[in-house]
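The structure appears right after this line, and notes come after that.
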Amino acid sequence: MKKLEKIAWDKLNGLIPAIIQDYATKEVLMLAFMNKEALELSLSTGYTHFYSRSKERIWKKGEQSGHIQKIHQIFLDCDKDSVLLEVEQVGVACHTGHKTCFFKTLEGSCSSYEALNTNLIYGVVDRLYPILLERKDANPKTSYTASLYQKGENAIAKKIVEEAAELGFSIKDRKKEDIIYEAADLLYHSLVGLAYCDVNPDLIRQELIRRFGLSGIEEKQARG
């Protein structure tokens, strides 16, 4: 689209900030980023699409939750390096269940209105990973996850190895309850490791999807 060429894509390496605003109330709902493909998809479909820097892919708002954003109008700012989209929000804008992503003050207090329970919308991994990221700023004396971050990658890696071994022994003993418990521990500590390295679990999901239809033997041979 020729009209997109006037945008200063080079300022942020091909990305521009996209401010999302409720078209009726003018409340700011969220801030995300778009590349040219995401903006083209937004214009052609009438629904917001963004580029996720952590997932390293294009995503449609509400693709998992159903909380889509129907676009009413798009504005380009005076410096041509950011856009504002007025949208009709279905459901809520924030994955935490809040109407807007801006529900916390800088001091840490939250808005008083009740948030939507999103436990049934998002999978446990998608709910847990952002919480683990938040724990990076928590007190190690009161947060187990924060204490792991403080100890560093060696301690985190050691816990993953320990939990993997315990799961292996549980499988060997064929104790169903122990297998479930130890598998949960391994998943949790693996996610802590991913969060520590800022690797979004969606990248692992994408890798598994890539492997569908591939022989495990062929896939390993391709990696050398």
task: Using Cα positions and a limit of under 22 Å, work out the lysines in reach of K172, with same-chain residues fewer than 8 apart set aside.
output: K158, K159
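Give me D for region 1-135 in µm² s⁻¹, whole number, from Stokes-Einstein with Rh from the Kirkwood sum over alpha-carbon pairs, 20 °C and 1.002 mPa s.
Rounded to a whole number, D works out at 136 µm²/s.
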- request: Under a cut-off of 20 Å between alpha-carbon atoms, report the aspartates and glutamates in cross-link reach of K61, not counting same-chain residues fewer than 8 places apart.
  value: D22, E27, E37, E40, E86, E88, D126, D202
query: Long-range amide H contacts for R57: which residues qualify at under 5 Å (H placed 1.01 Å from N, peptide plane, sequence gap of 5 or more or a different chain)?
result: S52
message: One quarter of the convex hull surface, Cα atoms only: what value does that give for region 48-202 in nm²?
response: 12.6 nm²
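In the chain, what percentage of the DSSP-assigned beta bridges are antiparallel, given to the nearest 5? Before the final figure, lay out each step's value.
Working: 20 of 25 bridges.
DSSP beta bridges in the chain are roughly 80 percent antiparallel.
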message: Counting heavy atoms of the protein chains only and a 1.4 Å probe, report the per residue accessible area for the chain as a whole number of Å².
response: 63 Å²
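Beyond a 19 Å Cα-Cα separation, which of these cross-linked pairs lie in this structure: K26/K70; K104/K141; K55/K151; K11/K80? List each step's numbers first, then the result.
Working: K26/K70 15 Å; K104/K141 23 Å; K55/K151 26 Å; K11/K80 10 Å.
Long pairs (Cα-Cα over 19 Å): K104/K141; K55/K151.
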task: Could you tell me how many degrees, from 0 to 90 and to the nearest 10, lie between the Cα long axis of helix 36-45 and the main elongation axis, the longest principal axis, of the Cα atoms of the chain?
output: 70 degrees
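Of the accessible area of the chain, with the probe set at 1.4 angstrom, what percent is carbon plus sulfur? Working shown, then result.
Working: 7840 of 14150 Å².
Answer for the chain is 55 percent, counting heavy atoms of protein chains only.
Per the Kirkwood definition applied to all pairs of different Cα atoms, how many angstroms is the hydrodynamic radius of region 9-89? Please list the in-between numbers first.
Details: mean 1/r = 0.0794 Å⁻¹.
About 12.6 Å for region 9-89.
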- prompt: How large is ³J(HN,Hα), in whole Hz, for each residue of region 3-16 in order, when computed from phi with the Karplus curve 6.51 cos²θ - 1.76 cosθ + 1.60 and θ = phi - 60°, using x for Gly and Pro?
  reply: 5, 7, 5, 6, 6, 7, 5, 6, 5, 10, 6, x, 10, 9
query: Stokes-Einstein at 25 °C, 0.890 mPa s, Kirkwood radius from Cα pairs: D for region 119-212 in µm² s⁻¹?
result: 171 µm²/s
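For a quick check of your reading of the filter: which GluC sites (Glu not before Pro) in region 56-153 sit in a DSSP loop and have no more than 15 other Cβ atoms within 10 Å?
Details: sites: E56, E63, E86, E88, E107, E114, E134, E153; in loops: E56, E63, E107, E114.
Taking region 56-153 and a limit of 15 other Cβ atoms within 10 Å, the loop GluC sites (Glu not before Pro) found are E56, E63, E107, E114.
The values are calculated or read from the model by the stated rules, or taken from the named source; none is laboratory data. Being a predicted model, the structure only gives us computed values, none of them experimental. Positions of Cβ are generated from backbone atoms using ideal geometry, with glycine treated the same way; all protein chains shown enter the neighbour counts. Just so you know, the surface numbers come from the protein's heavy atoms only, side chains and all, with ligands and any DNA or RNA stripped out. Shrake-Rupley method; radii C 1.70, N 1.55, O 1.52, S 1.80 Å.
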